[in-house]
Amino acid sequence: MTDTTTRVAVLVGSLRADSLNRKLAEILKAEAPAGVELDIIDGLGEVPFYNEDLDGASAPAAATALRDRVASADRVLAVTPEYNGTMPAVLNNAIDWISRPYGAGAIVGKPFGVIGATPTPYGGKWAHGDTARSAGIAGAIVVEDVTVSQPAVEVDPTTDPEVRTKLLAALGTLVDFTPAVSAA
């Protein structure tokens, strides 16, 4: 019997306990369709800033755990706010760690999407664009149709049914994505 569960590693860009984006990740986890399992990776704040001198056979335990969990996933989803017009440092740092070793990191070849909300009229679109670009350079396969940059100014993204529908549709697109196979 084969396991048909699609595992999605979730990187939340906010460390705050009451984070809106953490709440969105938890909603997606609870409402994920049958056969989809979301692994919200905690402890990103414990991962030291990437430093090649720290990397190698004795990489920090928090970085190794992050890499292992992303490596065991079928997909990666970033759920993030926007800090000063870009992605939060903790998310950038996580991508740095999972991109190494160069060309063979845990994120290489994984379908990747980014969603989230922020209390600005722009909904985090710059952070989401920067996150997708960084993940793509790191070797992920960025799924372009998985983007929800939700302004949290006029609606509460955790309770608005239209926003929930958009978020679940984005998750579905990421899960259903099949990378193109190139001829060798």
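The values are calculated or read from the model by the stated rules, or taken from the named source; none is laboratory data. Worth saying up front: this structure is predicted, and the values here are computed from it rather than measured. For neighbour counting, all protein chains shown are included, and Cβ atoms are generated from backbone atoms with ideal geometry for every residue, glycine included.
Residue count for the stretch 15-59 satisfying the condition of being assigned to a loop (DSSP other than H, G, I, E, B), of a type outside the set (S, T, Y) and under 12 Å from V79 (Cα atoms): 2.
Looking at the stretch 39-58, which of the residues that are within 21 Å of the chain's Cα centre (by Cα) and of a type in the set (A, V, I, L, M, F, W, C) is surrounded by the fewest Cβ atoms within 10 Å (Cβ to Cβ)? The qualifying residue surrounded by the fewest Cβ atoms within 10 Å (Cβ to Cβ) is F49. Only residues that are part of a loop (DSSP other than H, G, I, E, B) and either polar (S, T, N, Q) or loosely packed, with under 12 Cβ neighbours inside 10 Å (or both) were counted across the stretch 1-14, and they come to 6.
For the stretch 111-140, taking the residues that are touching a Pro at 6+ places or on another chain (Cβ under 9 Å) and part of a loop (DSSP other than H, G, I, E, B), the one that is modelled with the highest pLDDT is identified as A140. Pairs are defined by a Cβ separation below 7 Å, a sequence spacing of at least 6 or placement on different chains, a first member in the stretch 146-161 that is surrounded by 17 or more Cβ atoms within 10 Å (Cβ to Cβ) and assigned to a loop (DSSP other than H, G, I, E, B), and a second member that is modelled with pLDDT of 80 or more and among the hydroxyl-bearing types (S, T, Y); the pairs so defined are A152/T118.
Reported count of residues in the stretch 101-133, each being crowded, with 21+ Cβ neighbours inside 10 Å and not aliphatic (A, V, I, L, M), is 11.
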